[in-house]
Structure formats: structure tokens, C-alpha cells
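Q: Take this structure, written in C-alpha cells, and hold onto it; I'll ask about it next.
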Amino acid sequence: MEELLKLSSKELLTLHSKIADQLRARGITRTANNPTGDLAEYLFCNAFGWTRAGNSHPNIDAIGSDGQRFQIKGRRITMNRSRQLGAIRALDGEHFDFLAGVLFDESYGIFRAALIPHATVKLRATYVAHTNSHKFILHDDVWRAEGVRDVTAELAAVSF
């Protein structure tokens with residue numbers, strides 16, 4: 001880690017770019033964006049044998065062998081401690097059966113993960129007019145909600 005302190009800002013950004021390229025080459029991520037969402041998809045799909053949906057499915061990230069549809073969200077908890085997941089669009093359209101949510105620690109370790117039924121998401125999500133989407137926060141009490149399955153151990157068992 002001390003080697004990183006010796007690098008210039010430009011060298012750090014170049015290294016960041018090369019790391020992103022290598023994560024895509026290994027199939028961990030699919031985009032050049034922040035890796036949190038792609039990593040969440042990778043972990044859930046590998047833990048449960050789901051098939052990643054193509055990019056043409058805006059509200060579905062994966063499909064199970066039984067046809068169940070999943071929207072997958074991840075959040076890396078940093079100094080601000082926020083557990084708010086990314087925007088959920090068209091929630092009323094019931095495009096997914098379960099929200100698969102994972103909270104990562106700062107180093108991308110698995111902190112907590114859950115499968116949350118659509119009905120529970122709809123009940124607990126808050127509409128945000130300026131983004132025309134719903135926000136959902138993975139508070140600790142989500143794991144106690146009806147139909148929610150704690151899958152922390154299953155995700156933690158996936159190698160990456």
C-alpha cells in the first residue's frame with residue numbers, strides 16, 4: 001500500500017482504469033461504472049445460479065431457473081454510513097419478483113444481504129418525484145420483514 005502513496009494523481013487514475021479493465025476481463029463487472037452494482041450482480045448470480053439479464057431489461061438484472069425475476073442492488077457503506085440503494089424505477093409495474101440487496105463494507109466485504117419480495121419493497125419504498133423513482137433503504141429491520149430471506153452467508157461464500 002505504501003507504493004500507492006508514491007504515485008501521482010494521474011498515475012492513480014491510470015491504475016484505476018487498468019483495474020476496471022481487468023475486472024471486466026474477469027467477468028466480475030460488465031461496465032466501466034462504479035463496480036458496486038456489477039459486483040452485486042456477479043455475487044447473486046454465482047451464489048444462486050441465476051442468469052444475468054441483458055442490458056435491454058431496465059428493471060430486471062437476473063432471472064432464476066424457475067423464472068423468478070430479480071432486481072439487484074448493492075451499496076458500499078463508507079464514511080457517510082448510508083444504506084440507500086440505487087433508484088428503483090417503475091416499481092408499480094411489478095417488473096421484478098424480488099429485490100436482491102447487498103451491503104458491502106468499505107473494502108467490498110459482504111456485510112449483509114437479503115432477498116426481499118416485491119410486495120415488501122413496495123410497502124417500504126419512498127417515491128422521489130424529482131427522479132421519478134423509488135428509494136429503498138436496507139435498514140436492519142428489513143431482515144425481520146415477512147418473506148425476507150437473509151442470504152449473507154450464500155454471498156460471502158462466492159469467490160471473486
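Rule-based calculations on the coordinates, nothing more; no lab input. Please read these numbers as outputs of a predicted model, since none were measured by experiment. Glycine gets a Cβ as well: all are built from the backbone with ideal geometry, and neighbour counts include every protein chain shown.
Q: Among R69, R149, which comes first, then next, by fewest other beta-carbon atoms within 10 Å?
A: R149, R69
Q: Restricting to Cα pairs below 8 Å that are 6+ residues apart, what does the relative contact order work out to for the chain? Please round to a whole percent.
A: Reported as a whole number, the value is 17 percent.
Q: Give the residue from L115, A157, N132 lying farthest towards the positive end of the charge dipole for the chain; charges sit on Cβ (+1 for Lys and Arg, -1 for Asp and Glu) and the dipole is referred to the Cα centre.
A: Farthest towards the positive end: N132.
Q: With only alpha-carbon pairs counted, each pair once and no self-pairs, how large is the Kirkwood hydrodynamic radius of the chain in angstroms?
A: Its Kirkwood hydrodynamic radius stands at 16.7 Å.
Q: Order these by the 10 Å Cβ neighbour count, fewest first: V158, V121, V151, V102.
A: Neighbour counts put them in this order, fewest first: V158, V151, V121, V102.
Q: While we're on this one: Cross-link candidates for K6: which lysines have Cα within less than 25 Å, leaving aside residues fewer than 8 places away along the same chain?
A: Of all the lysines, those that pass the test against K6 - Cα under 25 Å, at least 8 places apart if same chain - are K18.
Q: Could you tell me the convex hull volume per residue, in Å³, taken over the Cα atoms of the stretch 60-144?
A: 102 Å³
Q: Next up: Near R69, within a Cβ-to-Cβ distance under 11 Å, what is the net charge of the other residues, with Lys and Arg +1 and Asp and Glu -1?
A: Here the charged neighbours net out to -4.
Q: Neighbour counts of other C-beta atoms within 10 Å: give me H57, H139, H130 arranged from fewest to most.
A: In order of increasing Cβ crowding within 10 Å: H130, H139, H57.
Q: For the stretch 124-139 and the stretch 106-123, what is the separation of their C-alpha centers, rounded to whole Å?
A: Cα centroid to Cα centroid, the span is 14 Å.
Q: At most 16 other C-beta atoms within 10 Å and a DSSP loop state: those are the exposed GluC sites (Glu not before Pro) I care about. Give me the longest piece of the chain that has none.
A: Longest gap between qualifying sites, sites excluded: 1-93.
Q: Let me ask something else. Would you grab the residues whose amide H sits under 5 Å from the one on G86? Only those 5+ places off in sequence or on another chain, please, with H modelled 1.01 Å from N.
A: Distant-sequence amide H within range of G86: G74.
Q: Could you identify which residue out of A20, A114, A100 has the top mean-square fluctuation in a GNM of the chain using Cα springs shorter than 10 Å?
A: A20
Q: Check cross-link reach from K135 to the lysines: straight Cα distance under 24 Å, and skip same-chain residues fewer than eight apart.
A: List returned: K73, K122.
Q: In the neighborhood of L91, defined by Cβ-to-Cβ distances under 15 Å, what is the net charge if each Lys or Arg adds +1 and each Asp or Glu adds -1?
A: For residues surrounding L91, the net value is +2.
Q: Mind putting a number on the dipole of the chain about its Cα centre? Charges go on the C-beta only, +1 for Lys and Arg and -1 for Asp and Glu, and I need it in Debye to the nearest 20.
A: In total the dipole reaches around 320 debye.
Q: Next question, about the same structure. Taking the Cβ of S82 as the centre, find all other residues whose Cβ is under 15 Å away and add up their charges (Lys, Arg: +1; Asp, Glu: -1).
A: Net of charged neighbours comes to +4.
Q: What Kirkwood radius, in Å to one decimal, follows from the Cα pairs of the stretch 1-81?
A: 14.6 Å
Q: Under a GNM of the chain (C-alpha, springs under 10 Å), which listed residue has the highest mean-square fluctuation: S82, S133, S107?
A: Its mean-square fluctuation being the largest, the pick is S107.
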